[in-house]
Amino acid sequence: QLMDVEYFEVAKTGEIPPGQTKRVRPCKGEYLLVCNMDGEIHVVEDFCSHDGAILGFGDLDGKYIVCPRHLAQFDITCGVAIGAWKNLRPLHTYPVRITGDTIEVGIKIYEAHSKTPSRPNKRGRRV
């Protein structure tokens, strides 16, 4: 079933240089990672699906965010893990829109108004 999406401002376009990321929490839900891949903005959840490490502490290498804990790599355009980590649950990706100089991320309405943070546990389930 399709859910309505609500957009939240997360940054200004000049705040995140190419090759850099910014950790944001646009609403009461989980933290997200805004990634600037050579001027193209992508947003993924900010938790490694392997063990919950904060991906924002890792490096953005082209289109891959590298987990700082075990060096798992995820494609920020689709969330899929690569290499030895390819069997991990993909990261959740979020729709992005640019309005003027504002970066906005789309959150499903039920997630945006949740009273408890949603994050993956060690098995990749939302808790």
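Give the peptides 41-53, 20-32, 77-89 in descending order of average Cβ contacts within 10 Å, highest first.
Details: 41-53: 21.2, 20-32: 18.1, 77-89: 14.2.
Going by the mean number of other Cβ atoms within 10 Å, highest first, we get 41-53, 20-32, 77-89.
At a 1.4 Å probe, what is the % contribution of carbon and sulfur to the accessible area of the range 1-80?
Working: 1900 of 4020 Å².
Exposed carbon and sulfur together represent 47 percent of the surface.
The values are calculated or read from the model by the stated rules, or taken from the named source; none is laboratory data. These numbers were taken from a predicted model, which means no experiment stands behind them. Positions of Cβ are backbone-derived with ideal geometry, glycine not excepted, and every protein chain shown enters the neighbour counts. All accessible areas refer to the heavy atoms of the entire protein, side chains included, with ligands and DNA or RNA removed. Shrake-Rupley method; radii C 1.70, N 1.55, O 1.52, S 1.80 Å.
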